[in-house]
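Working notes, beginning with the structure itself.
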Amino acid sequence: MSVMNMIQALNSAHRVMMERDPNCVVLGEDVGYFGGVFRVTEGLQKEFGKQRSFDAPISENGIMAVAIGMAAYGLKPIAEIQFADYIYPGFDQIVSEAAKIRYRSAGGWGLSMVVRSPYGGGIFGGQTHSQSPEALFAHVAGIKTVIPSNPYDAKGLLIAAIEDPDPVVFFEPKRIYNGPFDGFYERPVTPWAKHPAAEVPDGHYTVPLGKAAVARAGEAVTILAYGTMVHVAIATAEAEGIDAEVIDLRTIVPVDIETIEESVKKTGRCVVLHEATRTAGFGAELSALVQERCFYHLEAPVQRVTGYDTPYPHSLEWAYFPGPVRLGLALKKVLED
Amino acid sequence: MARYEFKLPDIGEGIAEAEIVAWHVAVGDEVKEDQQLADMMTDKATVEMESPVAGRVVEVAGEVGDQIAIGSVLVVFETEAGAGASAPTLQQEGTETTADGERTDTVALGDGLVAPTPAQEQAIPSAKEEQPSPPARPEPVESAVPSTPPPSGGEEQQAQAKAQVLASPAVRQRARDLGIDLASVKTTADRVRHSDLDAYLLYNGGSVPRPGAATRQDEVVKVVGLRRKIAENMQEAKRRIPHFTLVEEFDVTALEQTRAMMNSDRGGNPKLTMLPFLITAMCRVLPEFPQLNTRYDDDENVLYRSGAVHMGVATQTPNGLMVPVIRNAQSRSIWELAREVVRLAEGARTGKAAREELSGSTITLSSLGPMGGITSTPVINRPEVAIIAVNKVEEKPVVIEGELEIRKRMNLSLSCDHRVVDGWDAANFLQAMKKVIESPLKLLSM
């Protein structure tokens, strides 16, 4: 066991898998020599060589296409897109090729590959460095979409993603790389070292894809969240004195509907929280699922707390960020009746 | 102008009619919507009736003190609404209510359903009543649109109306499980909440079916073996024997002291219960009351009075009641009786009792110890003619020579076969028992 932040945990996952599996290769912009702009791939090239960890030109389309080709030939590429905001040039490759190969080959041919990408705001990155495009990928059949919320899960989920026989999009909430930011932006940031999930095994372990975690047990209302928002949800529940149950989805596709259902049937109330824009966000899917599965247990309409339907602003970051104030209001509203 | 008949609504399930206790309007009055019309009293509560419409009162159903059937017309109005239209005409009073008070009009299910689900059909008896026409969904009175001519004959649906009831899905589900029509639940908010359902349940007491499934499954149990034997014996005893039961209270303060004393020094003997003392008391007294210590062959009309006391001791076993017999109880000491009671009870419970240990009693004693209740009506163990049930010992305030004292008291309930035992015999027997039970020295020295 070591105390790790999320970057170190992800780096550890890479090392563990590259040691275990010579087919594991890492590619992306600045991932090799430089070790990644967020340092996730630091030291990999030095340790495993330029053939196992190498820099790509600034061409996300190319990075995706190369990774798909490698995976088709039996390698296990872990491709980094430097910011999720840059992923769109590669989107066609992901949607049209990566997501379809399994189907197109009648199940005979899978692409075991991971697309890693830091995502989300709260880092003053504005419209081009803060986006949360997870719903776009959740909507594409044929890929899994994973979003960890702490170092332990980050490593375990990344290893599970690498070992998965099919393509996985792995979004890393960059605001919590170094500490569990909880949305109270005026408070000093606590480092991961003080968080229990920073205790990370040094060796190999997995956190299964498709299995949510109850991040905080409660009886009054269920908050569905993932990534940074898990910490916002827990902190808001504590600040408001609301006995909320916080479900950390960890994987949005496949989503762990059983855990959600069990919780909402218990509490009868549900708030969905995500940073991405509201319309057709993943919260819409969650809200619909809850309605389908738990309708007769619902005491109040499901509330969504999300980013606004605007680009992530350069200024007014905290007005956009769905933090404790908006979540607090939604919790009160859903608890009204 | 249209005629609007306001029928006395179902103001509480299981209520067939209500009494008019006050009129707040008279014929000729102009009333506004929601204006108070009358106070109606049921055996549960007095309910204020408010006008569902604005209009002029043209007819009222009766005077203060009259009973009005649920569903029959209480007030007839002339309203502006629906002018020029044939407002629904209504049949005569009372015809909507069946003899047992069940409403025969369609129950609005209140949560948007127009037909009852199977569960509701079970839960709401009145929802089962067949309607010739599609059940109308309630709609606002104000919009009571002049309808086509009323459905021919039968009970027509008043196109009467109510705003749609708002409630969360969870509240709806609970109401559905409870068989409650949400439309009948009052709320001060804009929607029906759990607290409103709680209040409704409170007001209606137990008249609303409990939620959820039965807490136990239905079972079919064959009456066989010992149970069948018990059933036959009990049935025959009750069929043939005209029982009467006499209950007398005994002061057992002294007896309890004696018992405690003997128990504190009992050595290897089993702990004494009340039974050995009572058996001894009966054995001492019964020689003077041979008519009680008797087996009665009622086919031959012969009484077999027994010289010895063969005491039946009613014993609960896993399979049911058994009555092992202490032979010649009169010749056994208190300690011997205690041992015998324990031995026989054990034998009966484990099925090891011999046949002769389970038959031949001449009188029976039945005791449930501290669970013996305050009185009982024991069933005679045929062909005997008497049985005593022991009721619990309890501390009670008693007046003794003008002074209030706390004493240990116990009832004995004696059932006798009135064909051959008179009340006089029973009373005298109990008085004789009283003498020995209340004087333990006498009991133990006789």
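The values are calculated or read from the model by the stated rules, or taken from the named source; none is laboratory data. Everything numeric in this text was worked out from a predicted model, so none of it was measured. Here Cβ is always computed from backbone atoms with ideal geometry, including for glycine, and neighbour counts include all displayed protein chains.
Of the conditions (1) in a helix (DSSP H, G or I); (2) under 22 Å from B:T258 (Cβ atoms), B:E357 satisfies every one except a single condition; which number is it?
Result: B:E357 fails condition (2) only.
Looking at the range A:107-118, is at least one residue free of Cβ contacts under 8 Å to residues at least 12 places away in the same chain and assigned to a loop (DSSP other than H, G, I, E, B)?
Yes, the range A:107-118 contains a residue that is free of Cβ contacts under 8 Å to residues at least 12 places away in the same chain and assigned to a loop (DSSP other than H, G, I, E, B).
Please go through the range A:270-314 and pick out each residue that is farther than 12 Å from A:L224 by Cβ and within 14 Å of chain B (Cβ to nearest Cβ).
Selection gives A:Q291, A:E292, A:R293, A:F295, A:Y296, A:H297, A:L298, A:E299, A:A300, A:P301.
How do the pairs read when you match residues in the range B:163-191 that are within 14 Å of chain A (Cβ to nearest Cβ) and within 18 Å of A:R293 (Cβ to Cβ) with residues anywhere that are among the basic types (K, R) and assigned to a loop (DSSP other than H, G, I, E, B), using Cβ under 9 Å and keeping only pairs 6 or more apart or on different chains?
Partner pairs satisfying both residue conditions: B:S168/B:R191; B:S168/B:R193.
How many residues does the range A:1-25 contain that are outside any helix (DSSP H, G or I) and aliphatic (A, V, I, L, M)?
Number satisfying all stated conditions: 4.
So which residues in the range A:264-307 are in a strand (DSSP E or B) and of a type outside the set (A, V, I, L, M, F, W, C)? Even if it seems obvious, please write down each step before you answer.
The first filter runs over the range A:264-307 and keeps only residues in a strand (DSSP E or B), leaving A:270-277, A:303-307.
Scanning the range A:264-307 gives A:H274, A:E275, A:T277, A:Q303, A:R304, A:T306, A:G307.
What do you reckon, is A:F137 touching a strand residue (DSSP E or B) at 6+ places or on another chain (Cβ under 7 Å), outside any helix (DSSP H, G or I) and buried (at least 16 other Cβ atoms within 10 Å of the Cβ)?
On the way: touching a strand residue (DSSP E or B) at 6+ places or on another chain (Cβ under 7 Å): yes; outside any helix (DSSP H, G or I): no; buried (at least 16 other Cβ atoms within 10 Å of the Cβ): yes.
Spelling it out, it is not the case that A:F137 is touching a strand residue (DSSP E or B) at 6+ places or on another chain (Cβ under 7 Å), outside any helix (DSSP H, G or I) and buried (at least 16 other Cβ atoms within 10 Å of the Cβ).
Restricting attention to the range A:63-79, which residues are within 17 Å of the chain's Cα centre (by Cα) and closer than 20 Å to A:A138 by Cβ?
Within the range A:63-79, the first condition is being within 17 Å of the chain's Cα centre (by Cα), and the residues that meet it are A:78-79.
Selection gives A:A79 alone.
B:A427 is checked against (1) in a strand (DSSP E or B); (2) of a type outside the set (F, W, Y); (3) modelled with pLDDT of 95 or more and fails just one. What number does that condition carry?
Here B:A427 meets the rest and fails (1).
Taking B:E93 as the residue in question, decide whether it is touching a helix residue (DSSP H, G or I) at 6+ places or on another chain (Cβ under 6 Å), of a type in the set (D, E) and either outside any strand (DSSP E or B) or modelled with pLDDT of 90 or more (or both).
It is false that B:E93 is touching a helix residue (DSSP H, G or I) at 6+ places or on another chain (Cβ under 6 Å), of a type in the set (D, E) and either outside any strand (DSSP E or B) or modelled with pLDDT of 90 or more (or both).
Quick one: count up the residues across the range B:259-273 that are assigned to a helix (DSSP H, G or I) and surrounded by 19 or more Cβ atoms within 10 Å (Cβ to Cβ).
Total satisfying the criteria: 2.
Only one of (1) assigned to a loop (DSSP other than H, G, I, E, B); (2) touching a strand residue (DSSP E or B) at 6+ places or on another chain (Cβ under 8 Å) fails for A:K50. Which number is that?
(2)
Select, from A:E245, A:E275, the only residue that is of a type outside the set (F, W, Y), over 25 Å from B:Q173 (Cα atoms) and buried (at least 22 other Cβ atoms within 10 Å of the Cβ).
A:E275 is the lone residue from the list that is of a type outside the set (F, W, Y), over 25 Å from B:Q173 (Cα atoms) and buried (at least 22 other Cβ atoms within 10 Å of the Cβ).
Each row is one residue, and each column tells you yes or no for (1) among the hydroxyl-bearing types (S, T, Y); (2) surrounded by fewer than 21 Cβ atoms within 10 Å (Cβ to Cβ).
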site: A:T41; (1), (2): yes, no
site: A:D55; (1), (2): no, yes
site: A:I63; (1), (2): no, no
site: A:A67; (1), (2): no, no
site: A:G120; (1), (2): no, no
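So if I check each of B:V53, B:V64, B:V107, which one is closer than 21 Å to B:A183 by Cβ, at pLDDT 80 or above and either out of contact with any Pro (no Cβ under 9 Å at 6 or more places or on another chain) or not in a strand (DSSP E or B) (or both)?
Going through B:V53, B:V64, B:V107 in turn, the sole match is B:V53.
Could you list, in sequence order, all residues of the range B:388-424 that are in contact with a Leu (Cβ under 8 Å, 6 or more places away or on another chain) and in a helix (DSSP H, G or I)?
Within the range B:388-424, just B:G423 meets the criteria.
So for the range A:257-267 (the condition being away from chain B (no Cβ under 14 Å) and farther than 30 Å from B:A167 by Cβ), does at least one residue qualify?
Scanning the range A:257-267, I find no residue that is away from chain B (no Cβ under 14 Å) and farther than 30 Å from B:A167 by Cβ, so the answer is no.
Examine the range A:64-80 for a residue that is assigned to a loop (DSSP other than H, G, I, E, B) and without any contact (Cβ under 8 Å) to a residue 12 or more places away in the chain, and state whether such a residue exists.
Among the residues of the range A:64-80, at least one is assigned to a loop (DSSP other than H, G, I, E, B) and without any contact (Cβ under 8 Å) to a residue 12 or more places away in the chain, which makes the answer yes.
Could you count how many residues in the range B:14-30 are among the aliphatic types (A, V, I, L, M), at pLDDT 85 or above and part of a strand (DSSP E or B)?
Number satisfying all stated conditions: 2.
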